[in-house]
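To start, the structure itself, in structure tokens.
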Ligand SMILES: Cc1ncc(C[n+]2csc(CCOP(=O)(O)OP(=O)(O)O)c2C)c(N)n1
């Protein structure tokens with residue numbers, strides 16, 4: 001805290017946007033703090049960053065932060081990001097989505113954005129549920145969990161967002177929980193620094209629409225759950241498949257170098273100059 | 001001196017877009033619009049522009065909006081089924097006031113319909129397909145030359161009013177080849193979106209400067225602001241306050257309707273002394289023009305108004321005809337869509353006859369002539 005002032009105050013909008021609309025105990029505030037600190041360390045100016053979000057509680061983040069901000073449609077933030085990045089490759093494009101946003105309605109956009117390997121940082125805030133619309137089942141809700149649209153228990157299996165991203169071609173894939181706030185900040189920073197398509201899954205808590213339905217009565221219990229269930233990559237290496245079954249791997253899971261869309265495009269355009 | 005060329009309607013749309021300064025195209029293949037994508041894929045990269053084939057039409061429209069927000073003139077092209085998928089983001093472009101151009105080459109529908117055949121069934125979709133109350137500008141060329149000219153104008157209007165503009169062509173116009181002499185670059189008038197002139201600290205992104213159209217900076221130009229599909233206040237932040245929502249929606253409509261008189265683009269043939277007038281657009285207007293000529297040769301006083309702007313509907317020109325003609329005939333390749341608009345503005349002044357064909361093939365001059373004969377009899 002240099003000069004006794006939180007770094008985040010330099011990045012939050014001061015106009016009539018506060019207080020924010022998130023419920024007490026929501027993980028989004030903690031995430032936003034870590035995100036802004038990571039951006040501050042990254043060296044990018046506010047003018048160089050475009051922050052894009054989808055629709056949902058997580059989608060509101062773009063309203064609060066002082067960048068070039070774009071609050072898009074449900075599930076389709078990555079498509080807008082694609083147009084922006086291709087038009088102004090010099091801008092740092094960061095996309096924030098909810099789990100329903102990214103993997104249900106936006107699932108197709110998600111895998112294709114990963115496949116293209118554009119220089120975009122995609123962050124999925126996974127709270128296992130549709131927060132904004134009243135706690136409906138999401139593609140991230142675990143089996144058997146009762147939600148407002150799975151009142152007798154969820155019969156569908158969830159996606160592993162990181163595996164999905166890896167299979168689709170994302171160059172960098174990482175996961176953190178909101179509880180592991182330092183790790184979260186470091187991973188966001190790493191993703192912003194890297195080129196290529198980065199996917200960061202953040203396991204977050206929704207006490208109001210999710211926690212109370214699965215017997216986690218307070219935000220503290222939910223954070224405790226995150227702490228108990230997360231294992232680092234190093235730790236996971238020494239564990240059996242059986243022990244890892246209900247665990248969440250955190251840390252950098254995939255880190256590949258691959259030519260980005262822009263690099264391939266630049267090479268193609270170079271060839272036009274050759275013919276002249 | 002520009003040379004004569006043999007061009008297809010879809011090609012002319014590509015040429016028009018490039019002439020207007022379009023440097024971004026995102027799309028998804030669909031007949032009978034694919035040649036637009038082919039042309040853009042070929043022409044844009046050497047101009048340092050961007051072509052991208054997206055995973056679907058929703059994504060295409062999203063990318064187009066993103067590109068426009070980043071400062072590019074951007075476009076997509078599709079046909080009925082893809083146009084339906086685009087509606088979510090056409091609505092977004094409307095509320096967020098993002099200039100962009102969408103070409104819908106109409107084909108036989110509903111659904112997959114009669115894929116490569118002709119229809120004019122998307123008129124209402126073009127006007128009302130997107131959710132929520134929103135204004136819409138829809139242009140309809142009826143020749144290869146007009147494909148070029150109206151595509152240039154579509155970009156000009158979208159930039160001027162910060163609004164999505166739809167170009168409705170049909171399979172015949174899109175695939176027909178005609179000899180054209182396209183204007184040279186200095187003969188074409190180009191309108192670029194207004195940018196803010198004040199320093200960023202003073203910038204209020206959605207304040208009405210008096211024209212109804214706030215200036216629009218591109219992302220990355222130092223004017224950090226918020227763009228949203230939520231109804232927003234002058235700063236761009238979401239609002240539910242009636243005293244902010246109402247003026248906002250009103251402004252969206254008024255920024256276009258205040259120039260209503262300037263948007264009466266249509267060509268009239270023999271309407272000075274006519275007692276029966278035809279109102280038509282697209283490929284049907286061509287057949288109608290022929291039918292009118294033949295009717296005149298037989299001594300029938302028939303006129304034609306060819307609509308080039310479908311929306312905002314050209315009430316001024318249409319009602320002017322109604323003052324002189326007891327009957328208006330509206331031929332179209334659908335079950336009656338533009339005829340509804342003609343009836344709406346008629347208000348009992350005259351009789352509105354319709355001629356509808358849904359066999360998904362062209363309307364012939366003879367069919368229109370027969371109908372004229374019937375009305376005259
Ligand atoms: C096309 C469309 N369908 C549905 C909605 C309604 N809707 C808004 S947010 C949301 C789900 C939010 O869940 P998630 O993406 O997981 O984000 P969270 O609110 O939990 O952060 C839905 C279904 C919408 N806005 N648009």
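Rounded, prolate or oblate for segment B:5-187? Axes are the square roots of the Cα gyration tensor eigenvalues, ordered a ≥ b ≥ c, and the cut-off for rounded is a/c under 1.5.
Here segment B:5-187 falls in the rounded category.
Of B:305, A:143, the sequence from fewest to most neighbouring Cβ atoms within 10 angstrom is A:143, B:305.
What separates the Cα centres of segment B:48-122 and segment A:13-57 is a distance of 31 Å. Cβ crowding within 10 Å ranks B:13, A:23 as A:23, B:13, fewest other Cβ atoms first. Residues within the reach of a label modelled at residue A:149 (point 7 angstrom out along Cα to beta-carbon, backbone nitrogen below 17 Å), restricted to segment A:197-214, are A:209-210. With respect to chain A, whose longest principal axis is taken over its alpha-carbon atoms, helix A:28-42 is tilted by about 30°. Which of rounded, prolate or oblate describes segment A:5-149 when judged by the alpha-carbon gyration tensor and an a/c cut-off of 1.5? Because a/c hits 1.5 or more and a/b fails to exceed b/c, segment A:5-149 counts as oblate. Taking 0.36 nm per residue of separation and subtracting the current Cα-Cα distance, fully stretching the chain between residue B:335 and residue B:258 would add 24.6 nm. Identify which of A:238, A:196, A:33 has the largest mean-square fluctuation in a Gaussian network model of chain A, with springs joining Cα atoms closer than 10 Å. Between A:238, A:196, A:33, it is A:238 that shows the largest mean-square fluctuation. Distance from the Cα centroid of segment B:237-291 to that of segment A:98-127 is 40 Å (rounded to whole angstrom). If both residues of a DSSP beta bridge must be in chain A, then about 20% of such bridges are antiparallel.
Legend: mean number of C-beta atoms from other chains within 10 angstrom of residue C-beta atoms, peptide B:88-94, equals 2. For chain A, the longest principal axis of the C-alpha atoms and the axis of helix A:261-275 are separated by about 10°. Listing B:190, A:203, A:161 from fewest to most neighbouring C-beta atoms within 10 Å gives B:190, A:161, A:203.
Annotation: for a label point projected 7 angstrom from Cα along Cα→Cβ of residue A:239, residues of segment A:156-183 with backbone N closer than 18 Å are A:160-163, A:174-181, A:183. Rounded to the nearest 5, the antiparallel percentage of DSSP beta bridges internal to segment B:254-344 is 35%.
Here segment B:5-187 carries DSSP beta bridges of which approximately 20% are antiparallel, counting only pairs with both residues inside. Tell me the angle of helix B:282-297 to the major Cα principal axis of chain B, expressed in degrees between 0 and 90 and rounded to the nearest ten. Helix B:282-297 sits roughly 30 degrees off the main axis of chain B.
Expressed as a whole number of Å, what is the distance separating the alpha-carbon centroids of segment B:2-31 and segment B:123-202? Each part's Cα centre sits 12 Å from the other's.
Just so you know, all these numbers are worked out from the coordinates, no wet-lab data involved. As the structure is a prediction and not an experimental result, all values here were calculated from the model. In this analysis, Cβ positions are derived from the backbone assuming ideal geometry, glycine residues included, and neighbour counts consider all displayed protein chains.
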